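Beneath this line is the structure, given in structure tokens, with notes to follow.
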Amino acid sequence: MKETPFACDMSVLDPEMRIKHIDKIKEVFQAAKEIREISNGFAFLFSPDSNNLLNLILFLDRERLCCPFFGFIIEFYGSISKYG
């Protein structure tokens, strides 16, 4: 099994898509209600609304292309709650 290098490759996104991705990164991080370091990375807490969900999906869709070594888990709750 080939090991994925631990390095981002922004060249996989064309210049226009790169700008959109950077803008989406800012939007997603600004929308986070809370960011916590956990044992295997970071946990982000967002308000459970459609706009946040769509922004997260767009962000992850592009992020997985340039940074394939990252893993992501999305958990949905009926309302904002503490994460474990």
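The values are calculated or read from the model by the stated rules, or taken from the named source; none is laboratory data. These figures come from a predicted structure and were not determined experimentally. Quick reminder, even Gly has a Cβ in these numbers, built from the backbone with ideal geometry, and neighbours come from all protein chains shown.
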_I need a count of the residues in region 20-59 that are part of a loop (DSSP other than H, G, I, E, B) and surrounded by 11 or more Cβ atoms within 10 Å (Cβ to Cβ)._
4
*asked:* Please verify whether Leu65 is surrounded by 10 or more Cβ atoms within 10 Å (Cβ to Cβ) and out of contact with any helix residue (DSSP H, G or I) (no Cβ under 6 Å at 6 or more places or on another chain), treating the condition exactly as stated.
replied: no
_Tabulated pairs, region 56-84, first under 22 Å from Ser39 (Cα atoms), second at pLDDT 90 or above and surrounded by 10 or more Cβ atoms within 10 Å (Cβ to Cβ), C-beta under 6 angstrom, 6+ apart or interchain_ = Phe72/Leu60; Tyr83/Ala43
_region 52-84: number of residues that are modelled with pLDDT of 90 or more, farther than 22 Å from Phe6 by Cβ and of a type in the set (Lys, Arg)_ = 0
*Count, please, the residues in region 42-51 that happen to be modelled with pLDDT of 90 or more and either out of contact with any Lys or Arg (no Cβ under 9 Å at 6 or more places or on another chain) or among the basic types (Lys, Arg) (or both).*
1
